[in-house]
Amino acid sequence: MGYRVVVVGATGNVGREMLNILAERQFPVDELAALASRRSLGTEVSFGDTTHTTKDLDTFDFTGWDMALFAVGSDATKVYAPKAAAAGCVVIDNSSLYRYDPDIPLIVPECNPEAIHDYKNKNIIANPNCSTAQMVVALKPLHDRARIKRVVVSTYQSVSGAGKEGMDELWDQTKAIYNPTTEVEPKKFQKQIAFNVIPQIDIFMEDGSTKEEWKMVVETKKIVDPSIKVTATCVRVPVFVGHSEAVNIEFEEFLDEDEARDILREAPGIMVIDKREPGGYVSPIECAGDFATFISRIRQDSTVENGINLWCVSDNLRKGAALNAVQIAELLGREVLKKG
């Protein structure tokens, strides 16, 4: 006996990845509904060996469905997630709409699985920002051992974090540079992304940080520990898939780099690839399509009393979005619904 599952936004990058991962992980699906907006209505999407034709989100009745994985923007989520929740269908939302609501759990299953029971507050569970998700998977086991005081993180975020339009813009601009008869002006990004880096993701806030940077601060506190101080600089780079992060961590207690490496090797969801030789680390192109969060370059920071540096890489469409949502669905089924 399995679950009746809805994927909302099934034709987008993350929605398609959710379908792939549900199938790959053999999630116990009895019945699947793939929903899309009217402009994508009738589009066929793959789920394992089967093909599903998308149904109209606007007219869909969520009554009797167990869970809905939402992969649409905040505006659409604001309209349809409450309808699904009111119909008794548990919403797992990938947008930023509910992440900062104190009544709605924000979950990374490797970090705070106990929060799953708070879904009852509004029948909604929030999925964190992609850059936060991979970082907290690494922070939590280290925090449990030596208590983190402060995190300084610089991100190198791929264009897929901006959706299909972002990927198309990098592709088109790259081609245009090699074929100078055409010119592709920035539309999705603030400046040319091909052969460039852009130190802005999302809008600027009053203190000079961007909203993406603010998200990493607030979400880390909500998922791991509100006492952790976080400062972030988020940068868009010309990589198609895979976010990378240089993370500097200051602890309350001393933590030896070898012990940190051992802790991370044993931690769920993490793969440590850390050889001190040319190429003995993971780059984003190598993590694409993988479930794991990869950790490399673990080393002591001699400039602070109890410091560690590390390099963190993950497929942002997977752990940063679709995989984490499916893991939440698995946790919900295992701990609460118990049908599968």
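At a glance:
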{"quantity": "Every residue from region 10-24 that is open to solvent by 10 Å² or more (accessible area, probe 1.4 Å) and under 16 Å from the mean Cα position of the chain (by Cα)", "calculated": "Gly12, Asn13, Val14, Arg16, Glu17, Asn20"}
{"quantity": "Positions within region 32-67 being hydroxyl-bearing (Ser, Thr, Tyr), closer than 22 Å to Ala329 by Cβ and open to solvent by 20 Å² or more (accessible area, probe 1.4 Å), in sequence order", "calculated": "Ser46, Thr50, Thr51, Thr63"}
{"quantity": "Members of region 205-256 that are touching a helix residue (DSSP H, G or I) at 6+ places or on another chain (Cβ under 8 Å), part of a strand (DSSP E or B) and either open to solvent by 30 Å² or more (accessible area, probe 1.4 Å) or of a type in the set (Phe, Trp, Tyr) (or both)", "calculated": "Thr231, Thr233, Phe251"}
{"quantity": "Where a residue in region 101-125 is small (Gly, Ala, Ser) and its partner, wherever it lies, is assigned to a loop (DSSP other than H, G, I, E, B) and open to solvent by less than 20 Å² (accessible area, probe 1.4 Å), with Cβ under 9 Å and at least six apart", "calculated": "Ala115/Pro105; Ala115/Ile107"}
{"quantity": "Lone unmet requirement of (1) open to solvent by 40 Å² or more (accessible area, probe 1.4 Å); (2) aliphatic (A, V, I, L, M); (3) part of a strand (DSSP E or B) for Leu97", "calculated": "(3)"}
{"quantity": "Scope region 257-272; condition crowded, with 18+ Cβ neighbours inside 10 Å and either without any contact (Cβ under 8 Å) to a residue 24 or more places away in the chain or over 23 Å from the mean Cα position of the chain (by Cα) (or both); matching residues", "calculated": "Ala260"}
{"quantity": "Answer residue from region 169-204, given it is in a loop (DSSP other than H, G, I, E, B) and charged (D, E, K, R) and is least open to solvent (accessible area, probe 1.4 Å) among those", "calculated": "Asp202"}
{"quantity": "Subset of region 3-23 [modelled with pLDDT under 95 and either among the acidic types (Asp, Glu) or in a strand (DSSP E or B) (or both)]", "calculated": "Glu17"}
{"quantity": "Some residue of region 150-168 being of a type in the set (D, E, K, R), touching a residue at least 24 places away in the same chain (Cβ under 8 Å), over 24 Å from Gly12 (Cα atoms) and surrounded by fewer than 18 Cβ atoms within 10 Å (Cβ to Cβ)", "calculated": "yes"}
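The values are calculated or read from the model by the stated rules, or taken from the named source; none is laboratory data. Worth saying up front: this structure is predicted, and the values here are computed from it rather than measured. FYI the Cβ positions are ideal-geometry reconstructions off the backbone, even for glycines, and counts take in every protein chain you see. With ligands, DNA and RNA removed, areas are computed over all heavy atoms of the protein, side chains included. Shrake-Rupley method; radii C 1.70, N 1.55, O 1.52, S 1.80 Å.
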